[in-house]
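In what follows, a structure is listed as structure tokens, so that the remarks can point back to it.
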Amino acid sequence: MSTEVHTYTVSIYTENNIGLLNRISAIFQRRHINVESINSSISEIDGVSRFTIVVSISEDQMKKIIGQIEKQVEVIKAFYHAEEDTIYQESCLFKIKSELLFEERQIQNIIKDSNARIVTVNREFFVLEKSGRRHEIELLYRELSVFGIMQFTRSGRIAVTKDEMKISEMLQAFNN
Amino acid sequence: MKEFETIKKNNTSTKITETITGCEAVVKCLLAEGVDVLYGYPGGAIMPVYDELYKYQDKIHHVLTRHEQGATHAAQGYARISGKTGVAIATSGPGATNLITGIADAQIDSTPLVCITGQVGSHLLGSDAFQETDIVGISTPVTKWNHQITSASEIPEVFAKAFYIARSGRPGPVLIDITKDAQFETFEFSYDKCKGVRSYNPVPNTDISKIEEAATLINSAKKPMIVWGQGVILGKAEEQLKAVIEKANIPAAWTILGASAIPTSHPLNIGMVGMHGNYAPNVLTNQCDVLIAIGMRFDDRVTGNLDTYAKQAKVIHFEIDPAEIDKNVKTDVAVLGDAKASLEALLLLLDKKNHDSWHQQFKDLYAIEYEKIIKNDLNPTKNGLTMGEVLNEINKHTKGDAAIVSDVGQHQMIACRYAKFNQTKSNITSGGLGTMGFALPAAIGAKMAAPERDVIVIAGDGGYQMNIQELGTIFQTKVPVKIVILNNDFLGMVRQWQQLFFDKRYASTEMVNPDFVAIAKGYFIDAKKVTQREQLNAAVKEMMDCQGPFVLEVCVEKEDNVFPMIPTGASVSDIRLE
């Protein structure tokens, strides 16, 4: 089994319960593993939540952690995926002074080239939204930081897998 | 949030509802789950439930321990000897946090436990109210499941789910935190036992082809060896294990928590593995060709250095918890599922074998261990009492029928090495967590669950004093446990390590001890102190003949060491005899 460190995306289907985030994050914390990003949302199944977690660890360690996650009573199923197995995105928001839009023509080109979207504009500032891969967001950040960024925030990764994850079938089996 | 949809309803039951308070519902839930005794300590936030326990005292027995930690260990002792779920109850804040050690112990030793804590009113949550702690947050890493109830209507389903989760699959502790307002609130009560939780699969399906693969490996093995753990006891698979080892003639060793599943007198029982286990099974772990692990988790105290552990062997792992597969030791064949069913299926596929020369290797190594260690432990010729000879004396009186509840340290290793066991669930000790102070309260629960059995505490002078206050519980309940203190005026195991690995710098391990007999007598418990070998037989007899509880302090050699020993990080086959 490989001990080489890779970036993995973890998908966890769970019941929607208070405290579960704590229970899952404790599994990583206990093993001194840094969680690069974590996202929790509804899933494609009614009443089922989905966590998307990104970590950089060995596959050996990853498998053991999936076992520990699945052991939690309210976890329905957990999967881990290599980078090439998912379609993933992150999202970010930039708050920038509005005057720059007019004074620095270059900004308009940057926005156009990066496929970023202006969410709102007012007299003081405008808000730019960009979704994409990490390196695209980082590139945009570098380009805009030259002009000054009033605020910046980036979301955790969200990802869907190329292969099917048969959660509905598992839940169906329980109901029968 | 909306978790209650997850509990499968029993549609056939006719629901009888009644309007009652949350706190009465708690007691009715316990009765519905067959709870006859619970261990605990009252306080502000749990007082409504205690008021109901007062009303129901003819149906449910509450034992007032002297500390909440004692309550959890007593509930553990109750669970370990009976196989039933132990129940502990405490108030919020310090009452709740005092449960944590016992909960952690139950988690790592897979003991079914339901702990109930009171909580401040829901309007006060997060306000740093008097005796408020986030016990759900605190207990999360050491519970199998936990839940906070803020509305009385949640009580029946949460309790049903708690008992189901605690006892099913790989058992473990569950904590239910109930706000005070939820205890007072009235609602329409009805109770249905939990039959399943959709996100939780307690017993994974067994792949029959894996059992076939296992059988093929075992049938072709020249030097097979079994190491079984507590999974055999929890899975009620003792008879099946015995049948398997007898049919295929496989030498079988046990982990500390697996002890007593097969009688110690069984010719194929080759003793304990691990740090202070027996010489032969440790050494031959690194010579066997097929290692069959059953209901055990390859703890580091069992395996020593993993890089040199059984590398020559094909490893078969029978296990209920998928997370244990390949966690520490890479397996060749993993058989998931229930131990009893798996071993039953395996038995049919096994060939009869004799493996005579392989058995001889165990006998030869046992002879070495006997000559170098066991003989001197059990029948010493030098002055100064050994812990081993005390166990030997106890064996003579119990004939192996007693349950031995040991604490943690040198005396624990000696007790597990030398105690004779005829029946299962007889070795009650804190294995995974190594909780000093476990034995005294655990014995209270064990004796209450199995009043027909002799229950003997083996404690050291250190651990005994960690929950010595439970003598008060013993006095009040008159529970006739026998307590043997093996007193060497040291924290013996730590001292042994200091001697061997820290150049005898005995940092804070010497104990200046009180008069243990006087303390016992202060609680009106009969007690005796033994300092000479000649007194031992009569004193043990007096203890065993005593109708009530009894404390026997035996002053043993101060600086004896427990051998064999696998030093930390060493290979099992490098086990030291001196």
>> Relative contact order of chain B, please, whole-number percent, based on alpha carbon pairs below 8 angstrom and at least 6 residues apart.
In response: 14
>> Quick one: 3J(HN,Hα) in Hz for segment A:100-115, Karplus 6.51/-1.76/1.60 with θ = phi - 60°, rounded, Gly and Pro as x.
In response: 5, 4, 9, 7, 10, 4, 4, 4, 4, 5, 4, 4, 5, 5, 8, 6
> Between A:72, A:108, A:89, which gets the highest mean-square fluctuation from a Gaussian network model of chain A, Cα cutoff 10 Å?
Replying inline: A:108
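Please rank A:129, B:132, B:393, fewest neighbouring Cβ atoms within 10 Å first, as an exposure proxy.
The order, fewest Cβ neighbours first, is A:129, B:132, B:393.
Grab the beta carbon distance between residue B:131 and residue A:164, set R0 = 41 Å, and tell me the FRET efficiency rounded to 0.05.
Approximately 0.25, to the nearest 0.05.
Would you compute, from DSSP H runs of 4+ residues alone, the mean residue ellipticity of the protein assembly as shown at 222 nm, taking -39500 (n - 2.57) per run and dividing by the full residue count, rounded to the nearest 500?
-10500 deg cm²/dmol
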>> List the residues, sorted by chain then number, that are 5 or more residues from residue A:76 or on another chain and whose placed amide H is less than 5 Å from its amide H.
In response: A:13, A:14, A:15
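Over 24 Å between Cα atoms: which of A:71/B:161; B:327/B:420; B:311/B:352; A:63/B:311; A:77/B:327 fall into that group?
Beyond 24 Å: B:327/B:420; B:311/B:352.
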> Under a 5 Å amide H to amide H cut-off, with H placed in plane at 1.01 Å, what residues pair with residue B:270 once short-range neighbours are removed?
Replying inline: B:252, B:253
> Roughly speaking, what is the stretch gain from residue B:289 to residue B:332, that is 0.36 nm per residue apart minus the C-alpha to C-alpha distance, in nm to one decimal?
Replying inline: 14.3 nm
> Which net charge results for the neighbourhood of residue A:4, defined as the other residues with beta-carbon distances under 11 angstrom from its beta-carbon, given Lys and Arg at +1 and Asp and Glu at -1?
Replying inline: -2
> Highest mean first, what order results for B:333-343, A:10-20, B:110-120 on Cβ atoms within 10 Å?
Replying inline: B:110-120, B:333-343, A:10-20
> What is chain B by shape, rounded, prolate or oblate, if you read a ≥ b ≥ c off the alpha carbon gyration tensor as root eigenvalues and call it rounded for a/c under 1.5, prolate for a/b larger than b/c, and oblate otherwise?
Replying inline: oblate
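Using the 10 angstrom Cβ neighbour count as an exposure proxy, how do A:92, B:29 rank, fewest first?
A:92, B:29
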>> What distance in nm separates the two pseudo spin-label positions at residue B:36 and residue B:246, each 7 Å out from Cα along the beta-carbon direction?
In response: 3.1
>> Given 25 °C and 0.890 mPa s, compute D for segment A:5-81 with the Stokes-Einstein relation, Rh being the Kirkwood radius over Cα pairs; round to the nearest whole µm²/s.
In response: 198
> Which whole-Hz ³J(HN,Hα) couplings does segment B:454-466 yield from phi under the Karplus relation 6.51 cos²θ - 1.76 cosθ + 1.60, θ = phi - 60°, glycine and proline marked x?
Replying inline: 6, 10, 10, 7, 10, 10, x, 5, x, x, 4, 7, 6
> When the convex hull of the C-alpha atoms of the protein assembly as shown is computed, what volume per residue in Å³ does it have?
Replying inline: 193
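Please report the antiparallel percentage of DSSP beta bridges with both residues in chain B, rounded to the nearest 5.
Once the DSSP bridges in chain B are tallied, antiparallel ones form about 10 percent.
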> Label-point separation (nm) for residue B:375 and residue B:568, each offset 7 Å from Cα along Cα-to-Cβ?
Replying inline: 3.4
> How many angstrom lie between the C-alpha centres of segment B:469-507 and segment B:133-180?
Replying inline: 33
> Could you state the number of Å between the C-alpha centres of segment A:32-66 and segment A:79-123?
Replying inline: 26
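Would you mind checking the pairs B:372/B:447; B:180/B:478; B:425/B:482; B:84/B:247; A:95/A:162; B:399/B:558 and listing those with alpha carbons more than 26 angstrom apart?
Going by Cα-Cα distance, B:372/B:447; B:180/B:478; B:84/B:247; A:95/A:162; B:399/B:558 fall outside the 26 Å limit.
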>> Between residue B:195 and residue A:145, what's the calculated FRET efficiency when r is the beta-carbon distance and R0 is 41 Å? Round to 0.05.
In response: 0.10
> Say each of residue B:368 and residue B:222 gets a label point 7 Å from the Cα, pointing the same way as Cα to Cβ; how far apart are those two points in nm?
Replying inline: 2.0
> Suppose every K and R has +1 on its Cβ and every D and E has -1 on its Cβ; what is the size of the dipole of the protein assembly as shown about the Cα centre, in Debye to the nearest 20?
Replying inline: 840
> What is the gain in length, in nm to one decimal, between residue A:3 and residue A:22 on full extension, counting 0.36 nm per residue of separation less the C-alpha to C-alpha distance?
Replying inline: 4.1 nm
> Picking from A:145, A:155, A:91, which is most flexible by a Gaussian network model of chain A using Cα springs under 10 Å?
Replying inline: A:145
> In what sequence do B:299, A:60, B:545 fall when counting other Cβ within 10 Å, fewest first?
Replying inline: B:545, A:60, B:299
> What residues have an amide H closer than 5 Å to that of residue B:62, excluding those fewer than 5 places away on the same chain, when H is modeled at 1.01 Å from N in the peptide plane?
Replying inline: B:38
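Where a number appears in this text, it was derived from the coordinates with a stated rule and is not lab data. On a predicted model such as this, the values are computed, not experimentally measured, just so you know. Ideal geometry is used to build each Cβ from the backbone, glycine not excepted, and the neighbour counts take in all protein chains shown.
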